[in-house]
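To start, the structure under review is shown below, and the notes come after it.
The values are calculated or read from the model by the stated rules, or taken from the named source; none is laboratory data. Just so it is clear, the structure is predicted and the values come from calculations on it, not from any experiment. Backbone-built Cβ (ideal geometry, glycine too); neighbour counts: all protein chains shown. These accessible areas exclude ligands, DNA and RNA; they are computed on the full protein's heavy atoms, side chains included. Shrake-Rupley method; radii C 1.70, N 1.55, O 1.52, S 1.80 Å.
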Amino acid sequence: MSSVRHVREVRTLYRQILRLHRRLPTHFRALGDQYAKDEFHRHKKAGAAEVQTFMTEWKNYAKMLQEQLAQDSSPVGQALPPEKVENLTDEQLGQLFELQQETTKPISEELQDLIEDDKKR
């Protein structure tokens, strides 16, 4: 794949993910946008094999999120299968732990107000 074509594909996927995140509750959107930004930036200089896996996983995420958002009443997200957890590097496990901590910490009053505003829309 040419470099220009690859860059276009990465940017298109990144923009698609951010557009999907717009349909999430405010607190999930902020967390998801920052995580996607960090991950795409972190993989700018990755090797070909890692990039292929990275793109496949983010495409799967975008597809899953799009399907879940199409069903207004269903919760968003899915459990991470044990076999995927077993294949994560130590760095990835650390990131997963940080993400889990971020999603389970108490919500500030300011964020709670934003969530309430979202519900009214």
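Starting from the range 11-25, keep only residues that are assigned to a loop (DSSP other than H, G, I, E, B), then list their pairs with residues that are charged (D, E, K, R) whose Cβ atoms are within a distance under 7 Å, requiring at least 6 positions of separation or different chains. Correct list of pairs: Arg22/Arg29; Pro25/Asp118. Residue count for the range 14-38 satisfying the condition of being of a type in the set (Gly, Ala, Ser) and open to solvent by 40 Å² or more (accessible area, probe 1.4 Å): 1.
Can you find a residue that is open to solvent by 100 Å² or more (accessible area, probe 1.4 Å), within 17 Å of Leu13 (Cα to Cα), free of Cβ contacts under 8 Å to residues at least 40 places away in the same chain and of a type in the set (D, E, K, R) anywhere in the range 83-95? Give the derivation first.
Of all residues in the range 83-95, those open to solvent by 100 Å² or more (accessible area, probe 1.4 Å) come to 83, 86-87, 90-91.
If we keep only those that are within 17 Å of Leu13 (Cα to Cα) as well, we get none.
Looking through the range 83-95, none of the residues is open to solvent by 100 Å² or more (accessible area, probe 1.4 Å), within 17 Å of Leu13 (Cα to Cα), free of Cβ contacts under 8 Å to residues at least 40 places away in the same chain and of a type in the set (D, E, K, R).
Out of all the residues in the range 46-63, is one or more open to solvent by 70 Å² or more (accessible area, probe 1.4 Å) and of a type in the set (A, V, I, L, M)? There is at least one residue in the range 46-63 that is open to solvent by 70 Å² or more (accessible area, probe 1.4 Å) and of a type in the set (A, V, I, L, M). Remark: pairs (first residue in the range 54-77, without any contact (Cβ under 8 Å) to a residue 40 or more places away in the chain; second residue outside any helix (DSSP H, G or I) and surrounded by 15 or more Cβ atoms within 10 Å (Cβ to Cβ); Cβ separation under 7 Å; 6+ apart in sequence or on different chains) = Phe54/His43; Gln68/Val76. The one condition from (1) over 15 Å from Leu99 (Cβ atoms); (2) surrounded by 10 or more Cβ atoms within 10 Å (Cβ to Cβ); (3) β-branched (Val, Ile, Thr) that Val76 does not meet is (1).
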